[in-house]
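The values are calculated or read from the model by the stated rules, or taken from the named source; none is laboratory data. Quick caveat: nothing in here was measured; it's all calculated off a predicted structure. Positions of Cβ are backbone-derived with ideal geometry, glycine not excepted, and every protein chain shown enters the neighbour counts. Surface accessibility is based on the protein's heavy atoms, side chains included, excluding ligands, DNA and RNA. Shrake-Rupley method; radii C 1.70, N 1.55, O 1.52, S 1.80 Å.
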Amino acid sequence: MSVPAPTRHDFTFASDNAAGIAPEALAALNAANAGTVASYGDDPWTERAKASIAALFEHPCEVFFVFNGTAANSVALSHCCRRYQSIVCHASGHVETDECAAPEFFTGGCKVIAVDSPDAKLRPELVAPVFQRGHGIHYPKPGALSLTQATELGTVYRPAEIRALADLAHGRDMVVHLDGARFANAAATLAGEGFSPADWTWRAGVDVVSLGGTKSGMNTTEAVVFFDAKLATDFIYRIKQSGQLAAKQRFASAQWCGMLESGAWLRHAAHANALARQLAHALGQLPGLRLLAPVEANGIFVDLPIGVPEAMLQRGWHFYRFIGENGYRLMCSWATTEADVQRFLSDLRIVLKVTKC
């Protein structure tokens, strides 16, 4: 008995990047398209977007917009580190695994030092040994600690965990950077525990955030947010030099207005998280499957029996192997529906029966 040939190519669970633009962002784009405004960010939309981000963090912020997450991380870190320094991050972090050495390139030679842990979260006792490596000036001086929130395994740092790491880093005169590609999903989880974004960023010792827009339902817009104006001095020149200054900035900024002012940014993230929990619960009830990480944001990591991923691909489902030989990632987005979850589970149950798992 064989699995039927594909009738579709479905990337629903492949990545939250696969989803389209959220309606609130798209409506704001259309609204921004009317008339003419000043270019390069000197427009009302950009002013509104910056004010909305400052309100989100309950703190005065220096906000800069870039086109993608690689630029947000790399240009921010290049501003915070000298070329003879190092950037400490988790082994699964995008700074280490998915930026094509952009942090090293933009910093002009900083060494990225990766620290591993099973849940993709750094802890002071894991980071501290890094400071004992090398021999004085013969080894790069630690310059920045980069955290990922939510992590690449969908786990979420609590405020106290970030504070402990920030205290350790600041004790070494390091800057604390937070890669927030899925910041909204972490915010939705932590809001349910009574924490605001301020509680686990600047109040916990974070100095600069790469605030994700793309995975939240926007297009070609991320924000770099500094909580200390002095740290942001002349950062706009790095934006320009790095090719990240948009001439028609209003189209990037307007999407933030549409998502933040309407509350859709957090609402969509909570929706994605809820469907991830629903899917994970159902997967946990199926034979031969094993969840590999707690589901705290919008990602599910599951160990699938041999033959099952290939059979699901034959049925049209696309998703990525992420951990070892059989660990796969399923991502939910603002656009994922309960019907999508049920279709996936229906096909998976058929496949599991056919492959006798």
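For segment 23-109, the share of accessible area belonging to carbon and sulfur comes to 54 percent (1.4 Å probe, ligands and nucleic acids excluded). On the protein heavy atoms, probe 1.4 angstrom, tell me the percent of accessible surface of segment 216-357 carried by carbon and sulfur. Carbon and sulfur together cover 53 percent of it.
What's the magnitude of the charge dipole for the chain around its Cα centre, counting Lys and Arg as +1 and Asp and Glu as -1 at the beta-carbon? Answer in Debye, nearest 20. Please report the intermediate quantities before stating the final value.
On the way: 31 positive and 34 negative charges, 90 e Å.
Once rounded to the nearest 20, the dipole reads 420 debye.
Rounded to the nearest angstrom and listed largest first, the equivalent-ellipsoid semi-axes of the chain from its Cα gyration tensor are 34, 27, 17.
Rounded to the nearest 20 debye, the dipole size of segment 143-183 about its Cα centre is 100 debye, using +1 on the Cβ of Lys and Arg and -1 on the Cβ of Asp and Glu.
Carbon and sulfur atoms: what percent of the 1.4 Å accessible area of segment 146-214 do they account for? Walk me through the numbers on the way to the answer.
Numbers: 920 of 1770 Å².
C and S atoms contribute 52 percent here.
Between the amide H of L147 and those of H177, L178, D179, distances stay under 5 Å, these residues lying 5 or more places away or on another chain, with hydrogens modeled in the peptide plane.
Listed values for segment 153-159 are Karplus-derived 3J(HN,Hα) couplings in whole Hz (6.51 cos²θ - 1.76 cosθ + 1.60, θ = phi - 60°), namely 10, x, 8, 10, 6, 8, x, and x replaces Gly and Pro.
Cross-link partners for K141 among the aspartates and glutamates, with Cα-Cα distance under 14 Å and sequence neighbours closer than 8 places in the same chain left out: D173. Computed over the chain, relative contact order equals 26 percent, with contacts defined as Cα pairs under 8 Å that lie 6+ residues apart.
Excluding same-chain neighbours fewer than eight residues apart, the lysines reachable from K240 by a Cα-Cα span under 27 Å are K50, K111, K215, K230, K248.
Just K121, K248, K141 to compare: in a GNM of the chain, with alpha carbon springs under 10 Å, which one fluctuates most? Of K121, K248, K141, the most mobile in the Gaussian network model is K248. Rounded to the nearest 20, the Cβ-based charge dipole of segment 13-147 about its Cα centre (Lys and Arg +1, Asp and Glu -1) stands at 560 debye. Normalised per residue, the accessible area of segment 121-239 is 37 Å², obtained with a 1.4 Å probe and no contribution from ligands, DNA or RNA.
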